Amino acid sequence: MNCIQSIQKKILATALSLLVVVSSMAQDAAPAVAEKPSSNLLATLLMVVAVVLAFIIWGMGQALIAISRMALEKAKQSKVAATLLLIIGAMLLSHTGMAQEATATTAENAKAAVLNYGGLSPNNFWAFVGVIVIEVAAIIFLAFSIRRVYQELVPAKAAASTTRLSSWWSGLDKKFFTKAVAVEKEADILLDHDYDGIKELDNSLPPWWKYGFYITIVVGVIYLFYFHMGAGQNPTEEYLAEMNKARIEKEIFEANNKDKVDENNVPMADANGIKAGQALYEANCVACHLKDGGGNVGPNLTDDYWLHKGSLNDIYKSIKIGYPDKGMQAWNTKFNPKEISQISSYIKSLKGTKPAEAKAAQGDLYVEAGTAAVADSTATLSADSTTLTGKTAGK
């Protein structure tokens, strides 16, 4: 009983010291912000929380070490000594290592002052949060460890202090999670198998694992019947179906797209479009065709002679696919269809202009279809007029 009272006094002293630390650190944090307007309040708060949690971990670790020593003295000759040693070793590793990591990490992250997450960079903010989460997890672990060692030290008192919540959780754990026999009753399920001193327990499988295994069997049967014997599609069929769906959606989109342009349907751009085409032309085409279109390495773009015809659709096609054998690259990788149509419209608008140093004509004479029809009708009218004049003169 004196030992238990000593433990309780140590825990009470640790709690009081933690309260003093929290209050003093909170008082120190406020003046720091007032004296240094550039300091970050969120960083200070997170650091205070991390340091306080580190002190809590240290205090709980000291308490756990104290009661564990007492439990070890009591259980020196019992079979639970190895379990207690394992708990203490895990506790020591967690509480020393994590406390050191928390202090070092918070000290490094306090240096950041980027205006994000309350003045912290995302990396530093989440580093603080990660440290605090780890410390909270360590506190929970230490609390369960203290409770476990206390139960081993004073089993009768621990059983008497069992609450309804702990009883409910214990029943739920045995029914759905572990379903393991208590350590005190393991001798009842110990098998005769002995492998180099290692004996086997006839414990049941954890219910969650067993039920999960049953579910995978049911899902496997459904999968077999649906995908291999039913209407389910294999990966190749799913891929082909998705590609066909995408093709149909693309066709619908293009059919409803008012800005659809290709080499078979190139509208003449308006004044703004021609101006945009001029900017693109002057930025990319003047090296071969000069700024005024008179031609340099490439042909003259202002006359009626074209190497690959001279309609708006033909000019668009020449720009789009190019003619590498004649030094004309394909521009469809750099310009979208609308931009190519604007460049084509600008080039079409250069017809009839008079460049300062126009290059000699190249290619074949190109006459627009409508212009050719007008020329033919004009020639016919001229011929008829000549015939009529001759007849009149003959008279």
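The values are calculated or read from the model by the stated rules, or taken from the named source; none is laboratory data. Predicted, not measured: the structure shown is a model, and the values here were computed from it. With ideal geometry, Cβ positions are generated from the backbone for all residues, glycine too; neighbour counts draw on all protein chains shown. SASA here: full protein model, heavy atoms, side chains in, ligands and nucleic acids out. Shrake-Rupley method; radii C 1.70, N 1.55, O 1.52, S 1.80 Å.
The set of residues from region 292-315 being surrounded by 14 or more Cβ atoms within 10 Å (Cβ to Cβ), farther than 17 Å from Ser349 by Cβ and charged (D, E, K, R) is empty.
Filter region 123-160 for residues that are among the charged types (D, E, K, R) and open to solvent by less than 60 Å² (accessible area, probe 1.4 Å); which is modelled with the highest pLDDT?
Residues of region 123-160 among the charged types (D, E, K, R): 135, 147-148, 152, 157.
When the remaining residues are screened for being open to solvent by less than 60 Å² (accessible area, probe 1.4 Å), the result is 135, 152.
Details: Glu135: 86, Glu152: 68.
It comes out as Glu135.
Answer yes if at least one residue in region 182-195 is modelled with pLDDT under 75, outside any helix (DSSP H, G or I) and of a type in the set (A, V, I, L, M), and no otherwise. Yes, that holds for at least one residue. The lone criterion from (1) without any contact (Cβ under 8 Å) to a residue 40 or more places away in the chain; (2) open to solvent by 50 Å² or more (accessible area, probe 1.4 Å); (3) not basic (Lys, Arg) left unmet by His289 is number (2). Restricting Ala330, Ala356, Ala383, Ala393 to residues that are open to solvent by less than 70 Å² (accessible area, probe 1.4 Å) and either at pLDDT below 85 or part of a strand (DSSP E or B) (or both) narrows the list to Ala383.
If the condition is being at pLDDT below 85 and open to solvent by 100 Å² or more (accessible area, probe 1.4 Å), then region 209-242 contributes His228, Met229.
Could you grab me the full set of residues in region 246-264 that are over 37 Å from the mean Cα position of the chain (by Cα) and surrounded by 12 or more Cβ atoms within 10 Å (Cβ to Cβ)?
Filtering region 246-264 down to residues over 37 Å from the mean Cα position of the chain (by Cα) leaves 263-264.
The one that is over 37 Å from the mean Cα position of the chain (by Cα) and surrounded by 12 or more Cβ atoms within 10 Å (Cβ to Cβ): Glu263.
Every residue, every condition in (1) touching a Gly at 6+ places or on another chain (Cβ under 6 Å); (2) closer than 30 Å to Asn296 by Cβ; (3) of a type in the set (D, E, K, R); (4) modelled with pLDDT of 85 or more, yes or no:
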residue	(1), (2), (3), (4)
Ile198	no, no, no, yes
Asn244	no, no, no, yes
Ala255	no, no, no, no
Lys260	no, no, yes, no
Met268	no, yes, no, yes
Ala271	no, yes, no, yes
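Within region 105-122, not a single residue is modelled with pLDDT of 75 or more, open to solvent by 60 Å² or more (accessible area, probe 1.4 Å) and within 47 Å of the chain's Cα centre (by Cα).
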